[in-house]
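Here's the structure, in structure tokens; my notes come after.
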Amino acid sequence: MKIIRLIILSFLMLSCSELIDRPKNLLPKKQMSELIAEFAQTDQLNNYVPGTNMDNATRYILKQHKIKAADFTESYKYYLASGELDKILSNAQEIILNKDPKAAEFIQKKNKENINVQTVER
């Protein structure tokens, strides 16, 4: 009886190798980085144009890339659970810095002004 329990337990442990199942329409990491970079840039627009409808802006970006919101959300959850989201976010940050090299100077300036705020290295 103990052997049967051990065998069943072994099968259960081997079958649950990932925390979350891979989504059917998983977006590639590069595309996720590009989308997150665009979302971040659009979010900054709200600082210059208060009252911007961010929901509409997000829908527009997803529609422009022909991606369903559910697919993005499921991919985001998967990469978060798998521990790959940090690399995706780092790539998104690189995309933003490549589009606007002055952004790196601005970030460094703001970090120096906000001495009490901890910075997160990516």
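The table below lists the values:
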| read-out | value |
| --- | --- |
| Residue selected from the range 30-53 under the condition aliphatic (A, V, I, L, M) and surrounded by 13 or more Cβ atoms within 10 Å (Cβ to Cβ), by the criterion nearest to Lys99 (Cα to Cα) | Ala37 |
| Flag for Ala81 being at pLDDT below 95, under 20 Å from Lys29 (Cα atoms), among the small types (Gly, Ala, Ser) and surrounded by 11 or more Cβ atoms within 10 Å (Cβ to Cβ) | yes |
| Pairs where the first residue, in the range 11-32, is at pLDDT 90 or above and the second is part of a helix (DSSP H, G or I) and among the hydrophobic types (A, V, I, L, M, F, W, C), C-beta under 7 Å, 6+ apart | Leu27/Phe72; Lys29/Ile88; Met32/Ile88 |
| Flag if Ser75 is of a type in the set (Gly, Ala, Ser) and crowded, with 17+ Cβ neighbours inside 10 Å | yes |
| Which numbered condition Gln41 fails, given (1) under 30 Å from Asp21 (Cβ atoms); (2) within 15 Å of the chain's Cα centre (by Cα) | (1) |
| Residues of the range 38-58 classified as over 22 Å from Asn91 (Cα atoms) and either at pLDDT 90 or above or not aliphatic (A, V, I, L, M) (or both), total | 9 |
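The values are calculated or read from the model by the stated rules, or taken from the named source; none is laboratory data. Here the structure is a predicted model, which is why all the values come from computation and not from measurement. Using ideal geometry, Cβ is built from the backbone for each residue, glycine included, and neighbour counts are taken over all protein chains shown.
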